[in-house]
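Each remark here refers to the structure printed beneath this line.
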Amino acid sequence: MAATSHSGKRGWFFLLGVIAAGGWPCGAADLSQEAEALLARARELSSIRAGGSPPFLLRGRLRLVSVPNGPIEGTYEEVRDSHGKWRRVLSLPDLKFQVVEVSDGRRIYRAGSNAYQPYFEYRLRQLLSLRDGPRIPKSEDVTEIHRRKIRNRPAACVYSKRKGMKREVCVDAETSLAAFEREQSGDGKWTFEYLNYTPVGTHSYPRLLREREHKAVFVEIEITELTAGAEPDAALFLPPAGAVDWPDCERPFPPEALETPRPRSPWSARVLMGRRSVITYLVVGMDGRPHQVTPVRSDTLALTKATLDAITLHWRFRPAACQGEPVPAPILVETNFYLF
C-alpha cells in the first residue's frame, strides 16, 4: 500500500495500512521472479485455507505476553469446510472478551464483545496467517535474496522495501516452509516466527507461532489440535445472534483518508527536542470513523494523548470497500513529531 503523508513544521504521518501478510546477482525482474517462486512454494505447502483444501478443525492456546497485567491466556478455534465457509471463536476470559466470526463465503458475520477487532486480535490474526501465506506485496521492490541460518538451519531470505517500509521473509532451505518474517516501518518493528511444523493432510502447519514487537514477545499461540478431512456440521456456519455483517472480500479496496489533521505538539513534550513518534492502531469502520484507537508505541504520554485526541475527534475516512459496500479495515498509523 502506498503511504499517504502530510507535511508540516511540527509533524508528518504515514498511513501504513494492514500489515499483511517479510542474494543472487541478477536483474530486477529475475530477482522478483526468484523471490515469488520461493514464497509461492512456501504458500503451497502451508496454506491450509487455500481454495480446494480439505476441511479442518484448529484449536489453540494463546498468550498475550507484553500487555498490562499479562501474560493473559485464552483460546482460539477455527473450523472450515471444503466450500470455503469458516467459523472462528476467540476467547480471553480474564478480559471478559469473546468474539465469534462466521463466513458463508459471501458475507462475514461478527458477534461478541467488540464490533471491530481490538489490537491484540489483529495481531493474533496476522500471526495465524489467515490470508494465504508469505508473500511480497506488489507495492514493494525485491532488493536481495540472501542465504543465512535461522535457528541453526539454512534458509533463503527475501528482502524487499518501499518508501518507509522494509521486509524480510525467510524460508527453510530444506523444507521450503516459511520460518521467519520481519517488518520494519518507521520506528515500528514486528517479527513473526513459525516453529514445529506438523503434517495436515497434504500441507504442513506450525504448532507454535510467535509475534514480537521489537524484541519483546507480544502474542504466541500453541496449536493443540489440528485435524483435516471431516466435513463439519453445516449448523456451525449459521450467523450468530446479533451479528453485524459485511461482504467477505480477500483484498478490499483500502480506506482513503479524508480529514487527518496533525496533532498539536504539547508544550510539555517540547523539552524532548528532535524527532519523536507515536504508532497507533485503529480500525476504519464502515461509518468512516476510527474505532478501537490504541497506542502501540510512543515516546511520551503527552504525545500519545495529543495523537489519540486528534485521531478520535477529528480523523475521518472513506471506508474500505468490497463489491461497492463498506467493510472494516484495521490500519497502523505512525505520527512523527519534530520538536525544536
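The values are calculated or read from the model by the stated rules, or taken from the named source; none is laboratory data. Not measured: the values here are computed from a predicted model. With ideal geometry, Cβ positions are generated from the backbone for all residues, glycine too; neighbour counts draw on all protein chains shown.
Before moving on, here are some points about what is shown:
- Some residue of the range 27-35 being modelled with pLDDT of 80 or more and of a type in the set (Gly, Ala, Ser): yes
- The residues of the range 200-230 that are in contact with an Asp or Glu (Cβ under 6 Å, 6 or more places away or on another chain) and either among the acidic types (Asp, Glu) or within 13 Å of Arg59 (Cα to Cα) (or both) amount to a single one, Leu208.
- Identity of the residue in the range 42-73, of a type in the set (Gly, Ala, Ser) and either under 27 Å from Ala173 (Cβ atoms) or under 19 Å from the mean Cα position of the chain (by Cα) (or both), that ends up modelled with the lowest pLDDT: Ala50
- Between Ala230, Ala216, Ala235, the distinction of being within 30 Å of Glu325 (Cα to Cα) and surrounded by fewer than 17 Cβ atoms within 10 Å (Cβ to Cβ) belongs to Ala235 only.
- Residue tally, condition of a type outside the set (A, V, I, L, M), under 19 Å from the mean Cα position of the chain (by Cα) and surrounded by 19 or more Cβ atoms within 10 Å (Cβ to Cβ), over the range 187-213: 10
Conditions (1) in contact with a Pro (Cβ under 9 Å, 6 or more places away or on another chain); (2) of a type in the set (D, E, K, R); (3) within 20 Å of Arg210 (Cβ to Cβ); (4) surrounded by 16 or more Cβ atoms within 10 Å (Cβ to Cβ), marked per residue:
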| position | (1), (2), (3), (4) |
| --- | --- |
| Gln98 | no, no, no, yes |
| Glu101 | yes, yes, no, yes |
| Gly112 | yes, no, no, yes |
| Leu124 | no, no, yes, yes |
| Lys138 | no, yes, no, no |
| Glu144 | no, yes, no, no |
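- Complete set of residues in the range 149-169 that are among the β-branched types (Val, Ile, Thr) and surrounded by fewer than 23 Cβ atoms within 10 Å (Cβ to Cβ): Ile150
- Verdict on Glu231 being acidic (Asp, Glu) and in a loop (DSSP other than H, G, I, E, B): yes
- Taking the criterion of being surrounded by 13 or more Cβ atoms within 10 Å (Cβ to Cβ), at pLDDT below 90 and within 30 Å of Trp86 (Cα to Cα), the only residue of the range 240-278 that qualifies is Cys249.
- Selection from the range 82-96 of residues that are touching a Pro at 6+ places or on another chain (Cβ under 9 Å), assigned to a strand (DSSP E or B) and among the polar types (S, T, N, Q): none
- Selection from the range 170-185 of residues that are under 30 Å from Asn336 (Cβ atoms) and surrounded by 19 or more Cβ atoms within 10 Å (Cβ to Cβ): Cys170, Phe180, Glu181, Glu183, Ser185
- Within the range 208-239, the set of residues being of a type in the set (Phe, Trp, Tyr) and modelled with pLDDT of 95 or more comprises Phe237 only.
- Index of the failed condition, Tyr119 passing every other in (1) in contact with a Ser or Thr (Cβ under 9 Å, 6 or more places away or on another chain); (2) more than 20 Å from Phe192 (Cα to Cα): (2)
- Among the residues listed as Ser91, Ser113, Ser176, Ser160, the single one being in contact with a helix residue (DSSP H, G or I) (Cβ under 6 Å, 6 or more places away or on another chain), of a type in the set (S, T, N, Q) and modelled with pLDDT of 90 or more: Ser176
- Residue within the range 108-120 that is in contact with a Gly (Cβ under 8 Å, 6 or more places away or on another chain), of a type in the set (Val, Ile, Thr) and assigned to a strand (DSSP E or B) present: no
- Of all residues in the range 29-41 being under 21 Å from the mean Cα position of the chain (by Cα) and surrounded by fewer than 18 Cβ atoms within 10 Å (Cβ to Cβ), the one that is nearest to His203 (Cα to Cα): Ala40
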